[in-house]
Structure formats: C-alpha cells, structure tokens
Amino acid sequence: MLALDHIAVLGESLEEAAAHLEAAVGIPLLPGGRHNRFGTHNRLLGMAPDLYIEAIAVDPAAEPPTDARWFGLDHFSGPARLDKWICRVEDMVSALQALPIAGEPIEVSRGGLSWTMAVPKDGFLPFDGLFPALIQWHGTQIPGRTLPKGGVRLQQLTVSHPEADALQALLAPHLSEPLIRFETAAPGLAAELETPLGEVQLT
C-alpha cells in the first residue's frame, strides 16, 4: 500500500523554492541538508498529520551526478511551485513489482536518515511528473513524524492531469488516502493548507 509521505516545492534555486513556500505558509523553514547522490539540497517544514513539505533544488556547489537527478530537476525551469508528491511504501521491491513505471530503486542517505527512492532512468516521473515518487524509509525516525508541525495541516491535495482518471485507476488498488483527490485538468498540484495565516492554497 502507498501512504502519502510528503509534498515537494521545486525551484531553480533553493532560495526561490523556500521563499515560495514560506510566503504561502508564513513560517520559516527548517534546515534540511544535501543529497550527494543526486546533487540537490533542501529545507523542510513539518505538517500535520505526520507529513512534511520540502523545498528542493539543484545544489550548485555539489558534484553533478553521473545519471539523471530525481524529480526531473535537471530540466526544471520557471517559477518555484508545488510540483511533486511522494508516497511511502513498506517494501520497495513489492511496490515496484506492482508499479514498475515508478522507476528503479536507488539508495540515498542524508545525515542520520537513509531511504530507498524509486527514480526513473531519465529522472522524469510518468504522467508529466504527476505520478507519485515512491520512498521506503529505513528506520522509524522519519521526518513526517519527527519534524515540529508549526501549525500547518494538510486538508487536501489535488492532483490534476488530463488523464487523471487513468492515473487514479492505476493507483487505486494501492492507494487509500482520503486527503488526495484527482481532477481532470492541466497537469499540476494544489495543496489546501491550514496555516497560521489561515486557509491557503499552495501551488
């Protein structure tokens, strides 16, 4: 089964991604770290219930990877925006047997955290990037449970795509998540959040 783990705001720089997220929620982000495997870095924000948001971008100080970066970050352009959703799995091998289009398992670590991520060879997730990235955490101390919530709660995540029905049907046997809805529209994500600023929409 898939369970929503976190959502990601991408930017051409980490500063742009973080500023976009902070402007929406009215809360400063916490330091994240560097992902040496993919040459990226991030900042984090805890979110109820047991979720989080990351701002992520290419790290200009990092050695470029020999293959494609995750989340299609090699080719990301334009304004910072909510661009990815990430689902947690208990067994990546079984998950990829059921959903092979998610990519190939890659081992990643940052600080005291380690996880396996499914990443397509070209870095691009299916359905114009709107297929969820799959993650398997190793250990119980995962960011969604350990980060302070800061008064932010996810009320709903809308996944929009011209082929939303096909995407929903593909995921339906594996995903039972009342916070997620699918909508037939141009590709995009929108998160309805409860924040100290009131109810806001993060896009």
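The values are calculated or read from the model by the stated rules, or taken from the named source; none is laboratory data. None of the values given here were measured: they were computed from a predicted structure. Glycine gets a Cβ as well: all are built from the backbone with ideal geometry, and neighbour counts include every protein chain shown.
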Problem set entry | Test for Ala24: is it closer than 29 Å to Ser176 by Cα, among the aliphatic types (A, V, I, L, M), assigned to a strand (DSSP E or B) and touching a residue at least 12 places away in the same chain (Cβ under 8 Å) | no
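Take Ala185 and tell me if it is of a type in the set (A, V, I, L, M, F, W, C), in a loop (DSSP other than H, G, I, E, B) and either touching a strand residue (DSSP E or B) at 6+ places or on another chain (Cβ under 6 Å) or within 24 Å of Pro31 (Cα to Cα) (or both).
Against the criterion (of a type in the set (A, V, I, L, M, F, W, C), in a loop (DSSP other than H, G, I, E, B) and either touching a strand residue (DSSP E or B) at 6+ places or on another chain (Cβ under 6 Å) or within 24 Å of Pro31 (Cα to Cα) (or both)), Ala185 qualifies.
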For this session: Determine whether segment 17-31 contains at least one residue that is at pLDDT 95 or above, out of contact with any Leu (no Cβ under 6 Å at 6 or more places or on another chain) and under 26 Å from Ala95 (Cβ atoms).
Result: no
Problem set entry | Breaking point among (1) modelled with pLDDT under 95; (2) surrounded by 18 or more Cβ atoms within 10 Å (Cβ to Cβ); (3) among the hydrophobic types (A, V, I, L, M, F, W, C), for Trp85 | (1)
Seminar exercise, completed: For segment 1-17, pairs from a residue that is under 17 Å from Thr40 (Cα atoms) to a residue that is assigned to a loop (DSSP other than H, G, I, E, B) and among the hydrophobic types (A, V, I, L, M, F, W, C), with Cβ under 7 Å and 6 or more apart or across chains, are Val9/Ala80; Leu10/Phe76; Leu10/Ala80; Gly11/Ala80; Glu12/Phe76; Glu16/Ala80; Ala17/Ala80
Problem set entry | Spans of strands (runs of 3 or more DSSP E) in segment 98-144 with at least 1 residues under 14 Å from the mean Cα position of the chain (by Cα), surrounded by fewer than 16 Cβ atoms within 10 Å (Cβ to Cβ) and aromatic (Phe, Trp, Tyr) | none
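From Leu44, Leu21, Leu51, which residue is touching a Phe, Trp or Tyr at 6+ places or on another chain (Cβ under 8 Å), under 22 Å from Cys87 (Cβ atoms) and not small (Gly, Ala, Ser)?
That would be Leu44, the only listed residue that is touching a Phe, Trp or Tyr at 6+ places or on another chain (Cβ under 8 Å), under 22 Å from Cys87 (Cβ atoms) and not small (Gly, Ala, Ser).
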For this session: Report yes if some residue within segment 24-31 is surrounded by fewer than 20 Cβ atoms within 10 Å (Cβ to Cβ) and within 13 Å of the chain's Cα centre (by Cα); otherwise report no.
Result: no
